[in-house]
Amino acid sequence: MSELSVNHLLGIKYLNKQDIQLIFETADHFKEVINRPIKKVPSLRDITIANLFFENSTRTKLSFELAEKRLSADVINFSSAQSSVKKGETLIDTVNNILSMKVDMVVMRHPNPGAGVFLSKHVNASIINAGDGAHEHPTQALLDSYSIREKLGDVKGKKVVIVGDILHSRVALSNVFALQLQGAEVMVCGPKTLIPKYINKLGVKVETNLRKALNWCDVANMLRVQNERMEISYFPSTREYTQQFGVNKDLLDSLDKEITIMHPGPINRGVEITSDVADSKQSIILDQVQNGVAVRMAVIYLLASKIKQ
Amino acid sequence: MNILIKSATIIDSKSEFHNTTQDILIENGVITKISSSIKNPKNYKEVKRDNLHISQGWFDSSVSFGEPGYEERETIKNGLKTAAYSGYTAVAVNANTNPVIDSNSDITFLNSKASNNAVSLFPIGALTVGSKGEDLAELFDMNTAGAVAFYDYKKPISNPNLMKIALQYASNFDGLVCSFPQENKISGNGVMNENITSTKLGLKGIPALAEELQVARDLFLLEYTGGKLHIPTISTATSVTLIKEAKKKKLDVTCSVAIHNLYFTDDVLTDFNTNFKVLPPLRTQTDIEALIEGVKDGTIDMVTTDHNPIDIEDKKIEFDHASYGTIGLESALGALQNLFTIKKTIEVLTKGKTRFGIESSSIAVGNRADISLFDPDSKYTFSKADIVSRSKNAIFENETLKGKAYGIIANNKAVLNS
């Protein structure tokens, strides 16, 4: 039976193409499961998972918890908007305290880039990175690719533009790695102040004109502006941002082709996309959410099967 | 102290015995005889080592020990021992202590703590009170007590008018003002060099621009004020160019580079290893090449280890939270010998003294013995076993180095490893 090449999911850049293929095939199975009348399988009855969220999260946390419960894992939750460091306890100590209660797997969201990588070197548990600062958010990128595959048949050869705050976005970075690994072409689009200066060295196109970007792409992944991560203003006003980088129905209808609209949520309606775009048939935003559970089930299942060996 | 050094190759371009192998007799701390073969009738202690080389004592212009206040990082006693075993006879010690060294009595404290040691400690006083960047510290008074320079360690003076006044004021008594080359608003919350690696890692970047703006600003100020400016630890190619041009204009400016900035690019950070978290950050191959060229052509006056012991609690944490800094004394020779010829290595290890007003003593009969002893060729993998420092944050851990110090003879004392 095939297995993942890694013992943790710390980022897309640590995966290979076969890993993604395996995750998707496994997710296909779980997607079928969660659409049954009995949405649960007993696969992980002997596994205990701790969800450690050192940063606010609603949807990712719910999605992971649901995925874990549908696999019949035991679940404990720990949320703290403050990082452990501020409370005087180190991250390693916090996690080791929880692990000493016999926990097998840790799902962690953390404000600092590399927190998952760091933890994986110092504690004895399988780690899933649920977002670490502006570094990676691998399950989001996996579910995004999975949703593109579902909608368009394949990721390979597709043109995907990621629009918005690229600078502060772990979703953008993980998506770049995931899409490139599967043979898609990637463009980023946004105000120059929110695009990392050296991102073109990753082999992505950079565009500051939204219309040009949308005319180029098959899929547009609209990101939220992460005001909470900005220490200064990167643009003068939300109004002006929307004028340049918001997608509305008129713009969408004026394009040469019908593109697919994605959004990792939460949506700021009227800012990066208008309601009629978010709710249009071109939008697969809610499919992404459903696929998120299936993809996370697949990741947890595949990593747990490595623990059991 | 009386010692007979046997068969040592002398590397000292100021000495008539340069590049020759000699026996050296030292009596009461003074070199009394140099000859190809000296007998030992008085049964002095003999020093014989494999491939023994000696040079004038080495000097490091930027060393941090932590005491007072951060003794968990390093004490003055063990710090000086580290310097001695690493081949250094003189170190300029930064004011990044708690409290900050910013008064005459603080300087006197350091001097008394380090007295009677083989290694000479030269205190650097803070430029501003508490290194807060607001008001000038009592520079003249500290100078009187023995401060060799004035520097708010790694803290840039954001206010250009304050830097202007500092340069003007210190020039009254020929004081050396140091300015950390970083424009803080541009560097922001950056924790590593801004480039492809920072982009991949999602870590905030410090653009080379942050350094270059500050260097350019300080050179403009120096041109206006006169006085003596030292820019510690530059890290970018453009900084080298700017300083080269300033020297052509005959501005009284010197600069240093940290050895690790000559050695590693930011690629090594891929794994979020906090031992590589240093300030200024590790840059690119282009920068390294320009810096090495700058050392070779003399634009960069001296190299420093920028030795900064950090205890494990401040390193074994998330990258964003980890402290900047690496120890470097122990690995200095071994790293430099991988980059430069022996002649250049010794030149950059000794040349900085003049700038900091520290006397040099070449290897000649009648001079006081101020000597570093080493094997420039031995190859080894640098490991924790090579660390004398209290803290083990070594950027060179696991690197293959070339050259190892045996110790020093200075201040009428010998500190030599077996």
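Data table
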| item | result |
| --- | --- |
| Global size of region B:6-72 as Cα Rg and Dmax, reported in angstrom | 16.5, 49 |
| Ellipsoid equivalent to region B:60-356 - semi-axes via the Cα gyration tensor, in Å | 26, 23, 20 |
| Dipole moment magnitude, nearest 20 debye, the protein assembly as shown about Cα centre, only Lys, Arg, Asp, Glu C-beta charged | 880 |
| Counted charge near A:R70, where neighbours are those whose Cβ lies closer than 10 Å (Asp, Glu -1; Lys, Arg +1) | +2 |
| Ellipsoid semi-axes in whole angstrom, largest first, where each is sqrt(5λ) of the Cα gyration tensor of region A:175-250 | 22, 17, 11 |
| Built amide H within the under 5 Å cut-off of B:K413, gap 5+ | none |
| Debye intensity ratio I(q)/I(0), log10, region B:201-270, q values 0.14, 0.24, 0.25 Å⁻¹ (C-alpha model) | -0.48, -1.09, -1.16 |
| Charge context of B:S361, other residues only, Cβ under 9 angstrom, K/R +1, D/E -1 | -1 |
| Interatomic Cα distance distribution for region A:138-284, bins of 5 angstrom, percent | 2, 10, 22, 25, 22, 13, 5, 1, 0 |
| Per-residue HN-Hα couplings for region B:257-271 [Karplus 6.51, -1.76, 1.60; θ = phi - 60°; Hz; x = Gly/Pro] | 9, 6, 4, 5, 6, 8, 10, 10, 9, 5, 4, 5, 7, 3, 9 |
| Relative contact order (percent, whole number), chain A, Cα cutoff 8 Å, 6+ residue spacing | 20 |
| Dipole of region A:138-284, positive direction: furthest Cα of A:G190, A:G270, A:N248, with charges on the beta-carbon | A:G190 |
| Projected area averaged over orientations for region B:39-87, convex hull of C-alpha atoms, nm² | 5.7 |
| Gaussian network model of chain A, springs between alpha carbon atoms under 10 Å - residue of A:I273, A:I38, A:I92 with greatest fluctuation | A:I38 |
| Chain B: relative contact order as a whole-number percent, Cα under 8 Å and 6+ apart | 20 |
| Kirkwood Rh in Å, taken over all unlike Cα pairs in region B:99-226 | 15.9 |
| Cβ-based exposure ranking for B:E212, A:E68, A:E150, in which fewest neighbours within 10 Å come first | A:E150, B:E212, A:E68 |
| Fewest-first ranking of A:E228, B:E313, using other Cβ atoms within 10 Å as the exposure measure | A:E228, B:E313 |
| Centre separation in Å (Cα based) which lies between region B:69-84 and region A:285-309 | 51 |
| Average beta carbon contacts from partner chains per residue of A:194-200, 10 Å cutoff | 4 |
| C-alpha center-to-center spacing [region A:1-30, region B:296-344] in angstrom | 40 |
| Cross-link pairs A:K61/B:K200; B:K248/B:K351; A:K201/B:K384; B:K42/B:K343; A:K13/A:K249 - those with Cα-Cα distance over 28 Å | A:K201/B:K384; B:K42/B:K343; A:K13/A:K249 |
| Partner aspartates and glutamates for B:K413 [C-alpha distance under 12 Å; skip if fewer than 8 residues away on the same chain] | B:E27, B:D370 |
| Placed amide H near B:F122: partners under 5 Å, 5+ positions off or other chain | B:V91, B:A92, B:V93 |
| Taking the C-alpha atoms of chain A, convex hull volume expressed per residue in Å³ | 129 |
| Cα coordinate range in the protein assembly as shown, projected on the principal axes (Å, largest first) | 100, 59, 42 |
| Around A:V103: net Lys/Arg minus Asp/Glu count, Cβ-Cβ under 14 Å | -3 |
| Neighbour-count order for A:S305, A:S79, fewest beta carbons within 10 angstrom listed first | A:S79, A:S305 |
| Distance from region A:205-223 to region A:119-183 (C-alpha centre basis), Å | 18 |
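Each reported figure results from applying straightforward, stated rules to the coordinates on display, with no laboratory input. What you see is a predicted model, and the numbers here were worked out from it, not measured in a lab. Ideal geometry is used to build each Cβ from the backbone, glycine not excepted, and the neighbour counts take in all protein chains shown.
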